[in-house]
Amino acid sequence: MGCLNRKDLGLLAIRLGTGGVLAAHGAQKLFGWFGGGGLDGTAQAMEAMGFSPGRQSAIAAGLGEAGGGALLAIGAATPAAGAAAAGAMAGAVAVHRPAGFFAMQGGYEYPAYLGLVAAGVGLAGPGRYSFDHLTGHRLDRPATLLLAFAGSALAAAVVVARRERALPAQGEGEQEGEGKQEGEG
């Protein structure tokens, strides 16, 4: 293949594909692009899924996906980009977990795969054909990797645990509201 490095081309393809999908998914949340709900619709959906407050949750998920995906695609700040995208996907996995693994049944297969690939690229590095390589890996250092993944894992754990605690209370509130409506009629 001459002067082109196959591994670096492979990383470029994975970064462009995964980063592009994540960026588009985040743009649906933030801007309503590609048929998405935009910030207001996503905020309502986040509240319904147990993420509170909904607007801040929508912004965080949208930025993790759109920002992490865009940075991943161009290979900039790759450890932080991979960690942010993986953290955002951890929330999506939590939402889909009750339906099992496979996407055909509404399971977490797809967000888990996106998160795993994003994390893998964040850990492996962006390769030669990247913004990080052009800048001498200034934003792709071991300390960045450690801080980004530790911070993302901690944030995802807190958000998912908070959601898990809120779900039973949310269900009770809905049942009480239904009971009042039935009793009032």
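Where is the GNM fluctuation largest for the chain (alpha-carbon springs, 10 angstrom cutoff): 161, 112, 66?
161
Given a Förster radius of 25 Å and the C-beta distance between residue 33 and residue 162 as r, what FRET efficiency does 1/(1 + (r/R0)^6) yield to the nearest 0.05? Kindly include the intermediate steps, with their values, before the conclusion.
Values: r = 28 Å, r/R0 = 1.13.
Calculated transfer efficiency: 0.30.
Projected onto the charge dipole of the chain (+1 at Lys/Arg Cβ, -1 at Asp/Glu Cβ, origin at the Cα centre), which of 157, 56, 126 gives the Cα projection farthest towards the positive end?
Sorting the options by dipole projection puts first 126.
Roughly how far apart, in whole Å, are the Cα centres of region 93-110 and region 36-75?
18
Counting pairs of alpha carbon atoms under 8 Å apart in space and at least six apart in sequence, what relative contact order in percent does region 1-143 give?
Values: 249 pairs, mean separation 35.5, N = 143.
In percent, rounded to a whole number, it is 25.
At 7 Å along the Cα-to-beta-carbon direction for both residue 63 and residue 13, put a label point, then send me their distance in nm to one decimal.
Those two pseudo-labels are separated by 3.4 nm.
For the chain, go through all pairs of different Cα atoms, get the mean of 1/r, take its inverse, and jot down that Kirkwood value in Å.
Details: mean 1/r = 0.0575 Å⁻¹.
Across the chain, the inverse of the average 1/r is 17.4 Å.
With a 1.4 Å probe and every protein chain left in place, work out the accessible area per residue of the chain in Å², rounded to a whole number.
Numbers: 10300 Å² over 185 residues.
For the chain, the per-residue accessible area is 56 Å².
With a ≥ b ≥ c the root eigenvalues of the C-alpha gyration tensor of region 35-124, is it rounded (a/c under 1.5), prolate (a/b larger than b/c) or oblate? List each step's numbers first, then the result.
On the way: a/c = 2.23, a/b = 1.25, b/c = 1.78.
Note, shape of region 35-124 comes out oblate.
With the full set of protein chains in place, find how many percent of the accessible area of the chain is carbon and sulfur; take the probe as 1.4 Å.
Values: 6750 of 10300 Å².
Roughly 66 percent, rounded to a whole number.
Stretched out fully, how many nm does the piece from residue 138 to residue 6 gain, at 0.36 nm a residue minus the Cα gap?
On the way: separation 132, 0.36 × 132 = 47.52 nm, distance 2.38 nm.
Extending this stretch completely gives an extra 45.1 nm.
Please sort 88-101, 140-153, 115-128, 37-50 by packing, taking for each peptide the average over its residues of neighbouring beta carbons within 10 angstrom, highest first.
Values: 88-101: 19.1, 140-153: 15.6, 115-128: 20.9, 37-50: 17.4.
So the order, starting with the most tightly packed, is 115-128, 88-101, 37-50, 140-153.
Could you work out the helix-only [θ] at 222 nm for the chain, with each DSSP H run of four or more residues adding -39,500 (n - 2.57) and the total divided by the number of residues, to the nearest 500 deg cm²/dmol? Intermediate values should be presented prior to the final figure.
Working: 7 runs with 140 residues, N = 185.
Mean residue ellipticity, 222 nm, calculated: -26000 deg cm²/dmol.
The values are calculated or read from the model by the stated rules, or taken from the named source; none is laboratory data. None of the values given here were measured: they were computed from a predicted structure. Don't worry about glycine lacking a Cβ; one is built from the backbone with ideal geometry, like all the others, and counts go over all protein chains shown. Each accessible area value is taken on the protein alone, full model and side chains, heavy atoms only, with ligands, DNA and RNA left out. Shrake-Rupley method; radii C 1.70, N 1.55, O 1.52, S 1.80 Å.
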